[in-house]
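Data first, discussion second: the structure below is written as structure tokens.
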Amino acid sequence: MAKVAIMGYGTVGSGVYEIIRRNSEKLRSNTYGEPVELKYILDIRDFDDHPEKELFTKEFDEILNDEEVTVVAEVMGGLHPAYEFTKSLLQKGKNVTTSNKELVATYGSELLAIARENNVNYMFEASVGGGIPIIHPMHQCLVANNITRIAGILNGTTNYILYQMIENGKSFETALADAQANGFAEKNPAADVEGFDACRKIAILASLASGKEINYNNIETKGITEITLDDVVCAGEGNGVIKLIGYADMLENGKVYATVAPMFISKGSPLAAVNDVFNAIMVTGDCVDDVMFYGKGAGKLATASAVVADILDCVRHRNSNKNIIWTKTEEPVEAGRDDVSFAYFVRSNNSVSEVNAAVKVDRFITEDDKSAFITDKMTESEAEERLSKLDIITSLKVLG
Ligand code: HSE
């Protein structure tokens, strides 16, 4: 009998409960016949009307000190006390699974090392891409590759907002309110629309790919708040779409360039067709080339399904650490913005001849007084210097 606890009974926690109850026979068959028994749900709130109210506790120590509990799902979110709780549980020899991207991105290297020292697992499949399998595939199925690039639509809320604005003419505010009502959005919507959520997720993926901790504070991050409907329409005329992209380039010199920004994507890219709350992550390996992972990136049951899968994995590998690890390096591993080159999608209040005098253009989208164009590839400093000669309305990196 595998006894488990859930910490946090919010959107994801209640989804974990629902899946454990709904699919108990299926879960048993995936743990070589061992039933998964839910013993505690930790939450500071009262749930007196809950049909299994006896499961609820407000005392973390009850879970920590119960030797029967071997796996704990931390789905409370935030850094504190999630960090302290997770650390104590791992040190006590309990496995922990989580959807908490902030915690994994901030303390992942330390918590993974503690898990390894204690021969247990810290699993975080649900922290990136909701229900999409991405952490295990990267760590296991793609392990023969050097991962060279990751480009992903990593935030369901912003993808939903952009899609609803374009397809259904909803205002930014209405689309955001819908995302909140559907349980996609973070408590503080700035985390979604300013790109911070995607920033933590790309930091996790880049750390996993490189084996070195990528500090999310060093990732240049821009959200979607400055994107207008005119930008989106113009991108469409240029045979492209605008998406919030989490991007990481693992460079040959061992450094990692990572950024989060709205980017222009050609309609020919599979990422361009990823709409609504869906996420997709394109991973490029030196042997496998491009692999794309697609699915629901947010929402109660989608995210909970990844947490429950990790619970089962912990039950099956109860006495062995799976060696998912990345480490802090002495020297900063983050590459500078001029270590990479991008083409730029630009809208400006300039004529074609003014544009041509300032920057090398690959193709024009519109050629009137408000010209729109795609530049040749260049470093960010060069782009800044050249485009400063123009009256720019919008300039976005092109995902090549
Ligand atoms: N707010 C997040 C999103 C939830 O919209 O993608 C899933 O991490």
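Considering each of Ser353, Ser341, Ser320, Ser305 in turn, give the residue that is among the small types (Gly, Ala, Ser) and open to solvent by 70 Å² or more (accessible area, probe 1.4 Å). I'd like the intermediate steps shown before the answer.
On the way: Ser341 fails: open to solvent by 70 Å² or more (accessible area, probe 1.4 Å); Ser320 fails: open to solvent by 70 Å² or more (accessible area, probe 1.4 Å); Ser305 fails: open to solvent by 70 Å² or more (accessible area, probe 1.4 Å).
It is Ser353.
Looking at the structure I just gave you, is Val315 within 21 Å of Glu25 (Cβ to Cβ) and within 16 Å of the ligand (Cβ to nearest atom)? Break it down stepwise before answering.
Working: within 21 Å of Glu25 (Cβ to Cβ): yes; within 16 Å of the ligand (Cβ to nearest atom): no.
The answer is no for Val315.
Among (1) among the small types (Gly, Ala, Ser); (2) open to solvent by 50 Å² or more (accessible area, probe 1.4 Å); (3) at pLDDT 95 or above, which single condition is Ser371 missing?
Here Ser371 clears every test but (2).
Whether any residue in region 292-306 is more than 16 Å from the ligand (Cβ to nearest atom) and not acidic (Asp, Glu) is what I want to check. Let's see the steps before the verdict.
Going through region 292-306, the residues more than 16 Å from the ligand (Cβ to nearest atom) turn out to be 292.
Narrowing the set further to residues that are not acidic (Asp, Glu) leaves 292.
Taking every residue of region 292-306 in turn, at least one turns out to be more than 16 Å from the ligand (Cβ to nearest atom) and not acidic (Asp, Glu).
Quick check on region 273-283. Is at least one of its residues in contact (Cβ under 8 Å) with a residue 60 or more places away in the chain, surrounded by 19 or more Cβ atoms within 10 Å (Cβ to Cβ) and more than 16 Å from the ligand (Cβ to nearest atom)?
Going through region 273-283, the residues in contact (Cβ under 8 Å) with a residue 60 or more places away in the chain turn out to be 274-283.
Checking the rest, the ones that are also surrounded by 19 or more Cβ atoms within 10 Å (Cβ to Cβ) come to 274, 277-283.
Now restrict to residues that are more than 16 Å from the ligand (Cβ to nearest atom): 282-283.
Looking through region 273-283, at least one residue is in contact (Cβ under 8 Å) with a residue 60 or more places away in the chain, surrounded by 19 or more Cβ atoms within 10 Å (Cβ to Cβ) and more than 16 Å from the ligand (Cβ to nearest atom).
Run down Val260, Val241, Val315, Val291 and say which single residue is in a helix (DSSP H, G or I), touching a residue at least 24 places away in the same chain (Cβ under 8 Å) and either in contact with a strand residue (DSSP E or B) (Cβ under 7 Å, 6 or more places away or on another chain) or of a type in the set (Ser, Thr, Tyr) (or both).
Details: Val260 fails: in a helix (DSSP H, G or I); Val241 fails: in a helix (DSSP H, G or I); Val291 fails: in a helix (DSSP H, G or I).
The conditions single out Val315.
So, Val120, is that one modelled with pLDDT of 95 or more, among the β-branched types (Val, Ile, Thr) and crowded, with 17+ Cβ neighbours inside 10 Å or not?
So Val120 fits the description; yes.
Open to solvent by 60 Å² or more (accessible area, probe 1.4 Å), under 16 Å from the mean Cα position of the chain (by Cα), within 30 Å of Lys255 (Cβ to Cβ) and touching a residue at least 40 places away in the same chain (Cβ under 8 Å), is that true of Glu220?
Values: open to solvent by 60 Å² or more (accessible area, probe 1.4 Å): yes; under 16 Å from the mean Cα position of the chain (by Cα): yes; within 30 Å of Lys255 (Cβ to Cβ): yes; touching a residue at least 40 places away in the same chain (Cβ under 8 Å): yes.
Spelling it out, Glu220 is indeed open to solvent by 60 Å² or more (accessible area, probe 1.4 Å), under 16 Å from the mean Cα position of the chain (by Cα), within 30 Å of Lys255 (Cβ to Cβ) and touching a residue at least 40 places away in the same chain (Cβ under 8 Å).
Evaluate region 1-16: report whether one residue or more is over 28 Å from Gly108 (Cα atoms) and either modelled with pLDDT under 95 or open to solvent by 20 Å² or more (accessible area, probe 1.4 Å) (or both).
Yes, that holds for at least one residue.
Spot the failing condition for Thr259; the list is (1) touching a helix residue (DSSP H, G or I) at 6+ places or on another chain (Cβ under 7 Å); (2) at pLDDT 95 or above; (3) open to solvent by less than 40 Å² (accessible area, probe 1.4 Å), and only one is missed.
Every condition holds for Thr259 apart from (1).
Output the number of residues of region 124-137 satisfying the condition of being crowded, with 24+ Cβ neighbours inside 10 Å and either under 16 Å from Glu186 (Cα atoms) or away from the ligand (no atom under 16 Å from the Cβ) (or both).
Total satisfying the criteria: 5.
Considering only residues that are open to solvent by 40 Å² or more (accessible area, probe 1.4 Å), more than 12 Å from the ligand (Cβ to nearest atom) and in contact (Cβ under 8 Å) with a residue 60 or more places away in the chain, which ones fall in region 153-206?
Tyr163, Ile166, Glu167
Filtering region 333-379 down to residues that are acidic (Asp, Glu) and not in a loop (DSSP other than H, G, I, E, B), which residue is nearest to the chain's Cα centre (by Cα)?
Start the filter on region 333-379 by keeping residues that are acidic (Asp, Glu), which leaves 334, 338-339, 354, 362, 367-369, 376.
Within this subset, residues satisfying the condition of being not in a loop (DSSP other than H, G, I, E, B) are 334, 338-339, 354, 362.
On the way: Glu334: 18, Asp338: 24, Asp339: 24, Glu354: 40, Asp362: 32 Å.
Once the filter is applied, the top-ranked residue is Glu334.
Is it true that some residue in region 223-230 is in contact (Cβ under 8 Å) with a residue 12 or more places away in the chain, open to solvent by 10 Å² or more (accessible area, probe 1.4 Å), hydrophobic (A, V, I, L, M, F, W, C) and in a helix (DSSP H, G or I)?
Yes, region 223-230 contains at least one residue that is in contact (Cβ under 8 Å) with a residue 12 or more places away in the chain, open to solvent by 10 Å² or more (accessible area, probe 1.4 Å), hydrophobic (A, V, I, L, M, F, W, C) and in a helix (DSSP H, G or I).
The values are calculated or read from the model by the stated rules, or taken from the named source; none is laboratory data. Predicted model, so just to flag it, every value in this text is computed and none were measured. When we count neighbours, we look across all protein chains shown, and the Cβ atoms used for this are built from the backbone with ideal geometry, even at glycine. Side chains included, ligands, DNA and RNA excluded: accessible areas come from the protein's heavy atoms. Shrake-Rupley method; radii C 1.70, N 1.55, O 1.52, S 1.80 Å.
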